[in-house]
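Following: one structure in C-alpha cells, then a few remarks.
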Amino acid sequence: MDVLSIVGFLLAVVALVGGSILKGSGVAALWGPAAFVIVIVGTLGSITVQTPMKNFKHGMKMARWVFFPPVLDGAGLIARIVEWSVAARKQGLLALEASIATETDGFVRKGLQMLVDGAEPETIRNTLETELQAREHFDLAGAKVWEGMGIYAPTLGIIGAVMGLMAVMQNLADPSKLGTGISAAFIATIYGIASANLFFLPMASKLKGVVGDQTRVREMIIEGLIAISQGENPRVIEAKLQGFLH
C-alpha cells in the first residue's frame, strides 16, 4: 500500500473542503449538479473519444496502482538470479528447468525457458526487450488516460463557467438569481481545475513512475539472464545487478 498517495488524496480533499469552509462558502457551495455533468461527464466523454477501448479499460484498472502498486522485490529477484547462476555453473543450464514451473512471473519464466532451450544471448535479449517495450507502451497508454483527463477537465471547467454566465446574462432583470448563477459558473471552474491538478494529473504521474519502476526491474532481469547464459561469475552478476536498485 502506498501510504503517501492516500495521505495526498486526503490532503487534497481537506484543501478543497477546508478552504471552502474557511472562506465562508461552506461545503454545500462545492456541490453543483450542472457543473458535475459538464466537467466530469464531459471529461469522460472526451477521453473515450481519444482512447481505444482496451487502453481505456487498462487505464481504469491501473488506477488501483496509485494506492496498491505492484510489489517489486528487486533484492529478492537478484538473490534468485544469483542462485540460478550458481546452479547453472555447477550443473549446466538444464538445472534451471525445475525453476520454470515454480516461477510465477511470466516474463521471468519465458527468459528461463529460453535459457534452458539453449537460445543465444542476443536472441534472449531481443525477444525479452521486445516484450518489455510492448508492456511498457501498453502501460504508459493506460497512464495517459488519466493524463488526458487532466488536460481536458480545466477546459471543460471554462466551458461550464461560460455557460453559467450565459444563464446569468439571461436573468439580468431578476437580481435575486444573479448570485446563484455566478456561483454556479465558478463551481464549474473549480471542478475542472481541481480535478485536474489534485487528482487526474498526479495520478498519471504516479502511474508513470510505477511503470518506470517495473521497466527497470525487467531490464535487470534481462541483464541477469544474459549474464547467466554467458557463464559469468555469480558474484560479478550480483554486483552488476545491484546497480539497478539505486
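The values are calculated or read from the model by the stated rules, or taken from the named source; none is laboratory data. Since we're looking at a predicted model, the values are computed, not measured. Glycine also receives a Cβ, built like all others from the backbone with ideal geometry; neighbour counts cover every protein chain displayed.
Considering each of 172, 207 in turn, give the residue that is assigned to a loop (DSSP other than H, G, I, E, B) and in the same structural domain as residue 69 (by TED's automatic domain parsing).
Only one candidate qualifies: 172.
I need every pair where a residue in segment 185-199 that is β-branched (Val, Ile, Thr) has its Cβ under 6 Å from the Cβ of a residue that is modelled with pLDDT of 90 or more, sequence separation at least 6 or different chains.
Close Cβ pairs satisfying both conditions: 189/157; 193/154; 193/157.
List the residue pairs whose Cβ atoms are under 9 Å apart, where the first residue sits in segment 7-36 and is over 15 Å from residue 191 (Cβ atoms), the second is basic (Lys, Arg) and surrounded by 13 or more Cβ atoms within 10 Å (Cβ to Cβ), and the two are 6 or more positions apart or on different chains.
8/206
So residue 16 ticks every box in (1) in the same structural domain as residue 137 (by TED's automatic domain parsing); (2) farther than 30 Å from residue 241 by Cα but one. Which box is left unticked?
Going through the list (1) in the same structural domain as residue 137 (by TED's automatic domain parsing); (2) farther than 30 Å from residue 241 by Cα, residue 16 breaks only (1).
Report those helices (runs of 4 or more DSSP H) wholly inside segment 1-63 carrying at least 2 residues which are touching an Asp or Glu at 6+ places or on another chain (Cβ under 9 Å), at pLDDT 90 or above and surrounded by fewer than 12 Cβ atoms within 10 Å (Cβ to Cβ). Steps first, please.
On the way: elements: 3-22, 33-36, 42-50, 53-62.
Once the helices (runs of 4 or more DSSP H) in segment 1-63 are filtered for at least 2 residues that are touching an Asp or Glu at 6+ places or on another chain (Cβ under 9 Å), at pLDDT 90 or above and surrounded by fewer than 12 Cβ atoms within 10 Å (Cβ to Cβ), nothing remains.
Residues are listed down the side, and each one gets a yes or a no for (1) without any contact (Cβ under 8 Å) to a residue 12 or more places away in the chain; (2) within 22 Å of the chain's Cα centre (by Cα); (3) part of a helix (DSSP H, G or I); (4) surrounded by fewer than 12 Cβ atoms within 10 Å (Cβ to Cβ):
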{"position": "68", "(1), (2), (3), (4)": "no, yes, no, yes"}
{"position": "75", "(1), (2), (3), (4)": "no, no, yes, yes"}
{"position": "94", "(1), (2), (3), (4)": "no, no, yes, no"}
{"position": "144", "(1), (2), (3), (4)": "no, yes, yes, no"}
{"position": "149", "(1), (2), (3), (4)": "no, yes, yes, no"}
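What residue, of 179, 157, is closer than 24 Å to residue 36 by Cβ, at pLDDT 85 or above and assigned to a helix (DSSP H, G or I)?
Working: 179 fails: at pLDDT 85 or above.
Every option except 157 fails the conditions.
For (1) part of a helix (DSSP H, G or I); (2) modelled with pLDDT under 80; (3) within 26 Å of the chain's Cα centre (by Cα); (4) outside the structural domain of residue 79 (by TED's automatic domain parsing), each residue gets a yes or a no:
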residue	(1), (2), (3), (4)
168	yes, yes, no, no
183	yes, yes, no, no
188	yes, no, no, no
192	yes, no, yes, no
